[in-house]
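Input: one structure, supplied below.
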Amino acid sequence: MSDMPLYEGPVMEIKDVVTLFSDSAKVRIRLEAPTQFEFENGDREFPDGVYIEFFEKDGTKSSTLRADRGEKNAKENLYKAEGNVVVISLLDGDELNTEELYWTPIKEEIFTDKFVTIRSEGEIHTGEGMTARQDFSSYSITKPTGTLTIDDPQ
């Protein structure tokens, strides 16, 4: 019996997950996923994609995040989004595209050390690494590599 490997897989599988995070009885975050695996240590995986909506204190939806996969490290309270990650600011229309992004709910920040493309009104910014507020109202590219001005923004 001692030679049997210890099971380390999920202890729970949930389909069509909708999780609401609130503060002072107001929804601040809405997370949706087709599948959620929960592990004994509290970690979670979203293997079939994840979609998150962020709300301002007044209830206004401020930004969205979509990715092919996601996971939550329970010990660090750190979320990771992977694959075709898109963040859209609903406040000004800016759009972030990258392959990997982290979100810290406590700091209300998103960040990555991967290549990013940010489309804002009339410009496209590229670079390696980025830190931003979770509502994407402000951001900083760690190592900018270029800015392209567009005559006809789309």
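The values are calculated or read from the model by the stated rules, or taken from the named source; none is laboratory data. Here the structure is a predicted model, which is why all the values come from computation and not from measurement. A quick note on method: Cβ atoms are made from the backbone with ideal geometry, for glycine too, and the neighbour counts reach across all protein chains shown.
Of all residues in segment 134-147, count the ones that are among the charged types (D, E, K, R) and either touching a Gly at 6+ places or on another chain (Cβ under 9 Å) or at pLDDT 95 or above (or both).
So the count comes out to 1.
Of everything in segment 120-140, what is in a strand (DSSP E or B) and surrounded by fewer than 19 Cβ atoms within 10 Å (Cβ to Cβ)? Give them in sequence order.
S120, E123, I124, T126, G127, E128, G129, T131, R133, S140
Please return the ranges of strands (runs of 3 or more DSSP E) entirely within segment 1-66 where 1 or more residues are more than 24 Å from D92 (Cβ to Cβ), without any contact (Cβ under 8 Å) to a residue 60 or more places away in the chain and out of contact with any Cys (no Cβ under 8 Å at 6 or more places or on another chain).
It comes to 12-23, 26-38, 44-46.
Next question, about the same structure. Can you tell which of E53, E32, E38 is modelled with pLDDT of 95 or more and either loosely packed, with under 14 Cβ neighbours inside 10 Å or under 19 Å from A132 (Cα atoms) (or both)?
After applying the criteria, what remains is E53.
In segment 67-110, what residues are among the hydrophobic types (A, V, I, L, M, F, W, C), more than 9 Å from the chain's Cα centre (by Cα) and not in a loop (DSSP other than H, G, I, E, B)?
If the condition is that a residue be among the hydrophobic types (A, V, I, L, M, F, W, C), more than 9 Å from the chain's Cα centre (by Cα) and not in a loop (DSSP other than H, G, I, E, B), then L78, I88, L96 are the ones that fit.
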